[in-house]
Amino acid sequence: MIKYLKQNKILFLILILGLFLRVYKPLTFFYFDHDSDLAGWIMRDILFNHHLRLIGQETSSHGIFIGPYFYYLQIPFFLLTKMDPAGTLLLSIILGIFSVWSVYFVFTKMFSKNVGLIGSLIYATSSLVVFTDREVVPTMPVMLWTIWFLFSLNQILKGKKYGYIILGILIGLVWSLNLQLIILMPLVILAQIFSKKQINFKELIVGSIIAFLMNIPFIAFELRHGFQQTKALFASLTTSKDYISGTSMGFFAKLDRTMQLVYKNSTNIFALNTINLDTRIMFWFFVVLILCFVYKKIISKNLGVIFLIWLSIYILFFSKISLNVSEYYLNGMNIVYIILAAIGINELIKNKKRKHFGFLLIGIFLILNLYQFFTRPVNADGYIERKAIISAIKEDADLHNYPCVSLSFITTPGNDLGYRYFTWEENLKTKPVSNNIPVYSIVFPLSLVDGFDKSYGALGLIKPDYKKYNLKTIDTSCEGKDYNLTYPMFGFTN
């Protein structure tokens with residue numbers, strides 16, 4: 001082990017740096033929102049109701065759900081912290097560091113150790129990547145998935161072992177991460193054609209069996225519910241069922257929206273937005289870079305075509321479907337930007353005359369990203385604040401001997417979500433708002449009201465007018481089931 005560390009000192013330092021950036025102020029940057037609330041509710045359903053779930057939360061495409069694997073991965077971390085969702089941060093840290101190592105391993109196998117080190121440094125310290133890795137949501141491992149998908153493509157392209165076996169595992173994970181990753185599958189056929197080698201049928205069969213076994217929850221759900229998700233996916237691709245009023249319609253309008261996000265991601269992943277660089281530059285720079293690498297024979301023509309089609313598939317797909325596209329939908333493109341940047345910097349370093357320029361680019365990259373990381377504003381309405389305000393309500397309710405309370409939200413649409421798990425965790429019984437039950441109002445942002453009793457970060461708490469309530473009336477009104485446990489939760493299905 002000591003010998004291995006000595007031989008890989010730079011990689012070890014990169015891993016330490018990546019770890020630090022992913023554990024720094026963990027709870028402060030834990031943006032606990034509706035998705036986190038849903039994850040906690042699903043954990044409660046699995047561990048307390050003993051419900052062996054086939055699905056997770058419903059996605060933004062109605063009728064399509066996230067698969068169960070990411071949620072089952074969270075179980076030991078919820079148990080470790082006695083059902084506190086903060087424990088799941090350990091899962092995101094582990095996956096994030098594994099991703100840093102994976103970039104090193106895959107890039108080294110594809111090109112060289114130096115490309116692996118440069119790529120892992122970019123992945124470890126990119127502010128955009130770091131904060132994506134710190135999220136505890138099913139889509140968080142998408143970039144990790146694409147790293148190993150790239151590796152499987154390279155194995156197939158070069159006729160090496162394990163390409164189809166790894167691909168089988170990856171296909172088995174698609175439903176549990178992001179169903180849209182399936183759009184990259186045509187690249188597998190392309191890689192096999194480019195390889196000019198016979199398919200390794202033994203590996204193909206093993207990979208297919210693995211993919212089938214891992215997709216049994218999906219198949220079982222579809223058989224049980226009349227192929228609901230398959231129909232919903234088809235409708236999403238052929239109709240405007242997921243259209244959100246006020247968003248772009250038509251291919252060219254959607255293309256413009258998609259390209260804006262593509263430009264933004266390809267710029268922000270290197271923190272070049274810090275210097276207000278025109279966002280269009282980096283994406284087209286990478287397109288030209290692919291062509292130059294092919295011309296200079298730095299990468300093979302086949303790999304260059306795969307990279308270009310990889311980027312094109314994302315652009316065309318998200319310009320066609322009716323979903324309102326966000327940046328995270330395009331995270332599957334990021335690994336292409338990273339490997340191109342790593343190859344380019346390595347080529348500069350290999351050239352004696354341009355060596356210093358290569359190291360200068362690395363230095364600028366680190367400065368920009370570390371600056372962006374340490375100056376990132378804190379929203380102050382995440383895990384710490386939400387947990388604190390619900391705890392304060394519970395404490396005040398107990399102080400006044402209230403058997404239940406009502407929670408009211410003075411906020412903008414959507415910001416009233418993300419409190420139910422903490423309410424259950426605190427054993428705070430709730431009922432619908434009425435004149436007979438004490439009402440505690442949560443305010444966000446604070447500018448919506450003239451005054452409040454106490455603030456918790458960006459959240460404000462308005463306590464009830466205690467004189468209005470009679471304990472006997474409250475006792476009678478609080479009888480029956482806990483409203484927090486009975487009323488439907490958006491995105492949650494049993």
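Computed values, structure above
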quantity	calculated
Among the listed pairs K158/K353; K297/K355; K113/K301; K387/K429, those beyond 25 Å (Cα-Cα)	K158/K353
Value of D in µm² per second that Stokes-Einstein yields for the range 146-193, Kirkwood Rh from Cα pairs, at 10 °C (1.306 mPa s)	149
FRET efficiency estimate (nearest 0.05) - Cβ-Cβ, H62 to E395, R0 45 angstrom	0.70
Ordering of 449-462, 126-139, 54-67 by burial proxy (mean other Cβ atoms within 10 Å per residue, highest first)	126-139, 54-67, 449-462
Those aspartates and glutamates that a straight Cα-Cα span of less than 20 Å connects to K231, excepting residues fewer than 8 apart in one chain	E58, E222, D242
Cut-off under 5 Å, modelled amide H: who pairs with T430 long-range	V405, Y483, N484
Segment Q228-M259, length gained on full extension (0.36 nm per residue, minus Cα span)	8.0 nm
Label-point separation in nm, K454 to Q198, each point 7 Å along Cα→Cβ	7.5
Simple spin-label estimate for V433 and T486 in nanometres, 7 Å along Cα-Cβ	2.0
Residues with amide H under 5 Å from that of A458, placed H, sequence gap 5 or more	D381
Accessible surface, 1.4 Å probe, highest first, among residues L303, L173	L173, L303
The range 86-99 - phi-based ³J(HN,Hα) in whole Hz, Karplus 6.51/-1.76/1.60, Gly and Pro as x	4, x, 5, 4, 4, 5, 5, 5, 4, 5, x, 5, 4, 5
Any cysteine of the chain lacking a neighbouring Cys Cβ under 4.7 Å - listed by number	C292
Stokes-Einstein D for the chain, Kirkwood Rh over Cα pairs, 4 °C, 1.567 mPa s (µm²/s)	52
For the range 180-186, Karplus couplings with θ = phi - 60° (6.51, -1.76, 1.60), whole Hz, Gly/Pro x	6, 4, 5, 5, 7, 4, x
The range 1-143: equivalent-ellipsoid semi-axes (sqrt of 5 x gyration tensor eigenvalues, Cα, Å)	32, 16, 14
Gyration tensor verdict on the range 333-462 (Cα atoms; rounded if a/c is under 1.5, prolate if a/b is larger than b/c, oblate otherwise)	prolate
Rel. contact order, % - alpha carbon contacts under 8 angstrom, at least six apart, the range 167-286	20
Residue-by-residue Karplus 3J(HN,Hα) for the range 412-417, coefficients 6.51, -1.76, 1.60, Hz, glycine and proline x	8, x, x, 7, 8, 9
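The values are calculated or read from the model by the stated rules, or taken from the named source; none is laboratory data. A quick note: this is a predicted structure, and the numbers were derived from the prediction, not measured. Neighbour counts run over all protein chains shown; Cβ positions are idealised from the backbone, glycine included. Accessible surface areas use protein heavy atoms only, side chains included; no ligands, DNA or RNA. Shrake-Rupley method; radii C 1.70, N 1.55, O 1.52, S 1.80 Å.
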